[in-house]
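**Student:** One structure, as structure tokens, below. Some questions next.
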């Protein structure tokens, strides 16, 4: 069983700034990145709203929210918050799957995935972010892949793959378990929690601590949307430079933490307030000189 933990590397504002892709005068919505989003469910409809709004706030060309008859209500909720979102199927350059989706029961992500895979064969391979109900797909997709579990979800995923571990053990040593999950599953791992770390091949990045007020419902969905947007921005580079995924994941977590501090101001924060702080944080990072 692989078990080595790479040296830990802290992530800074300068590192994050280098991973924010600036649009140019020649860019348009299809060159800045189109993110396909399959999130939310009848049980957790807010995840669809939060992931799409967070992606838009981070900056990209387009968000396509994938829907069908069973998910039409979710599309309406998404459009009420973010009328910029496109709910018609079409070309995408990255995917965000699973936030607010149960692994079993209700709407079937696996059924939709078969359709996605058929569409993907007609276009270039699309880098993919897997969250929550899509984590079980880790290691099964032949594209650059990022997973975004918390300790409990990673414990469930690793145990199902023959590496029994408790969420307490993972929370006690996030760098070790994130690195082991990366080696075991062959994907980039963003392990979120009080100590957020990102593990890629041969690298483990540690993020500055965030505010404890961030421990509230929906903030993980916001993180997924931020990272999804960054992956869409850099979709062309990721096809040939998969190692870039770990830097994008770390940057997404860094923006998320900074936005939480700004939204909190030392007090309670909601996922909605967190989204409203994303764009100001990105502007600050672009202007920072540290």
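**Student:** Among what's in segment 217-248 and is without any contact (Cβ under 8 Å) to a residue 60 or more places away in the chain and in contact with a strand residue (DSSP E or B) (Cβ under 7 Å, 6 or more places away or on another chain), pick the residue that is farthest from residue 275 (Cα to Cα).
**Tutor:** That would be 243.
Table: residues versus (1) buried (at least 18 other Cβ atoms within 10 Å of the Cβ); (2) within 25 Å of residue 140 (Cβ to Cβ); (3) at pLDDT below 95.
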position	(1), (2), (3)
177	yes, yes, no
181	yes, yes, no
184	yes, yes, no
187	yes, yes, no
194	no, no, yes
197	yes, yes, no
201	no, yes, yes
204	yes, yes, no
209	no, no, yes
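**Student:** So which pairs qualify, if the first residue must be in segment 152-173 and over 22 Å from residue 6 (Cα atoms), the second must be modelled with pLDDT of 95 or more and not in a loop (DSSP other than H, G, I, E, B), the Cβ gap must be under 6 Å, and the two must be at least 6 apart or on different chains?
**Tutor:** From segment 152-173, the pairs are 152/167.
**Student:** Condition first: farther than 14 Å from residue 38 by Cβ and crowded, with 20+ Cβ neighbours inside 10 Å. Now tell me which residues in segment 123-135 satisfy that.
**Tutor:** If the condition is that a residue be farther than 14 Å from residue 38 by Cβ and crowded, with 20+ Cβ neighbours inside 10 Å, then 127 is the only one that fits.
**Student:** Still on this structure, please answer the following. Mind listing whichever residues of segment 253-280 are buried (at least 24 other Cβ atoms within 10 Å of the Cβ) and under 17 Å from residue 59 (Cβ atoms)?
**Tutor:** 253, 254, 255, 256, 259, 274, 275, 278
**Student:** A further question on this structure: Looking only at segment 33-50, which residues are more than 14 Å from residue 87 (Cβ to Cβ) and touching a strand residue (DSSP E or B) at 6+ places or on another chain (Cβ under 8 Å)?
**Tutor:** Matches in segment 33-50: 33 only.
**Student:** Let me ask you something else. Which residue is modelled with the highest pLDDT, if the candidates are limited to segment 32-83 and must be part of a loop (DSSP other than H, G, I, E, B) and more than 20 Å from the chain's Cα centre (by Cα)?
**Tutor:** 83
**Student:** Any chance segment 184-201 includes a residue that's over 15 Å from the mean Cα position of the chain (by Cα) and more than 25 Å from residue 102 (Cα to Cα)?
**Tutor:** yes
**Student:** Among the residues of segment 217-256, how many are under 15 Å from residue 147 (Cβ atoms), at pLDDT 95 or above and over 11 Å from the mean Cα position of the chain (by Cα)?
**Tutor:** 1
**Student:** For residue 283, work out the one condition from (1) in contact (Cβ under 8 Å) with a residue 24 or more places away in the chain; (2) over 28 Å from residue 178 (Cα atoms) it doesn't fulfil.
**Tutor:** (1)
The values are calculated or read from the model by the stated rules, or taken from the named source; none is laboratory data. Not measured: the values here are computed from a predicted model. Neighbour counts are summed over all protein chains in view; Cβ atoms, including those assigned to glycine, are modelled from backbone coordinates with ideal geometry.
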